[in-house]
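Report on the following structure.
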Amino acid sequence: DAKTTQPTSMDCAEGRAANLPCNHSTISGNEYVYWYRQIHSQGPQYIIHGLKNNETNEMASLIITEDRKSSTLILPHATLRDTAVYYCIVSGTSYGKLTFGQGTILTVHP
Amino acid sequence: DGGITQSPKYLFRKEGQNVTLSCEQNLNHDAMYWYRQDPGQGLRLIYYSQIVNDFQKGDIAEGYSVSREKKESFPLTVTSAQKNPTAFYLCASSRAGGLDTGELFFGEGSRLTVL
């Protein structure tokens with residue numbers, strides 16, 4: 001299964017865009033990239049996912065490089081409530097098996 | 001409202017006792033999952049089920065058991081064989097298994113402490 005690499009922590013000013021990078025250089029052609037976030041002591045929340053094309057929904061945008069070896073999650077206008085751990089996950093070769101790494105702790109400052 | 005319900009939210013048990021964590025979903029999802037989370041760590045997959053009466057071991061299944069007799073229910077038993085059971089347990093479901101599982105819906109979690 002492809003592994004992901006994310007920075008341990010990042011900071012962002014409230015109202016600014018938060019750009020969270022993820023490296024997945026061993027991703028295979030049929031694996032999806034997923035992003036989830038987890039606020040302390042709660043269950044993770046799905047944000048967005050994609051295969052090749054860039055994706056956008058009401059929460060965020062996902063930019064996947066052309067070679068698919070890395071991606072960036074963009075929160076366009078970060079708020080204090082966006083402070084959380086953000087997980088970048090690549091779907092494995094085993095059906096339904098998503099492996100969560102340690103993620104990036106995003107802290108949004110006033 | 002549709003969602004996943006885990007119970008109990010907090011649970012204390014003595015060493016050597018088995019304990020069962022409940023997970024119920026009313027989303028009509030085929031696939032269900034159990035994850036374990038230790039402090040400061042990511043989630044690790046314990047068991048998952050693609051369909052009723054079928055389930056597969058995840059990465060850390062030793063000391064755990066599950067059943068999937070009904071589509072909406074996927075209980076997890078933490079047995080006395082689990083050497084370090086104190087953790088935060090999360091249940092999730094999705095429309096179907098596969099490489100594009102789509103969105104996983106998570107419950108609020110059950111925090112188990114072994115005394």
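The values are calculated or read from the model by the stated rules, or taken from the named source; none is laboratory data. On a predicted model such as this, the values are computed, not experimentally measured, just so you know. Cβ coordinates were reconstructed from backbone atoms using ideal geometry, including for glycine residues, and neighbour counts include every protein chain displayed. Side chains are part of the model used for accessible areas, which takes the heavy atoms of the whole protein and leaves out ligands, DNA and RNA. Shrake-Rupley method; radii C 1.70, N 1.55, O 1.52, S 1.80 Å.
For region B:4-91, which fully contained strands (runs of 3 or more DSSP E) count at least 3 residues that are open to solvent by 10 Å² or more (accessible area, probe 1.4 Å)? Outline the logic, then answer.
Details: elements: B:4-7, B:10-13, B:19-25, B:31-37, B:43-51, B:54-57, B:64-66, B:76-78.
By residue number, B:4-7, B:10-13, B:19-25, B:43-51, B:54-57, B:64-66.
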Quick one: would you say A:H24 is within 11 Å of another protein chain (Cβ to nearest Cβ) and open to solvent by less than 50 Å² (accessible area, probe 1.4 Å)? no
Considering every residue within region B:65-85, establish whether at least one is within 19 Å of B:S7 (Cα to Cα), within 11 Å of the chain's Cα centre (by Cα) and at pLDDT below 95. no
In region A:27-45, the residues that are open to solvent by 40 Å² or more (accessible area, probe 1.4 Å) and closer than 24 Å to A:A84 by Cα: A:Y32, A:I39, A:H40, A:S41, A:Q42, A:Q45
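Of all residues in region A:48-78, which are among the aliphatic types (A, V, I, L, M), under 14 Å from the mean Cα position of the chain (by Cα) and either buried (at least 19 other Cβ atoms within 10 Å of the Cβ) or not in a strand (DSSP E or B) (or both)? Explain how you work it out, then say what you get.
Let us first name the residues in region A:48-78 that are among the aliphatic types (A, V, I, L, M), namely A:48, A:51, A:59-60, A:62-64, A:73-75, A:78.
Now narrow it down to the ones that are under 14 Å from the mean Cα position of the chain (by Cα): A:48, A:51, A:59-60, A:62-64, A:73-75.
Scanning region A:48-78 gives A:I48, A:L51, A:M59, A:A60, A:L62, A:I64, A:L73, A:L75.
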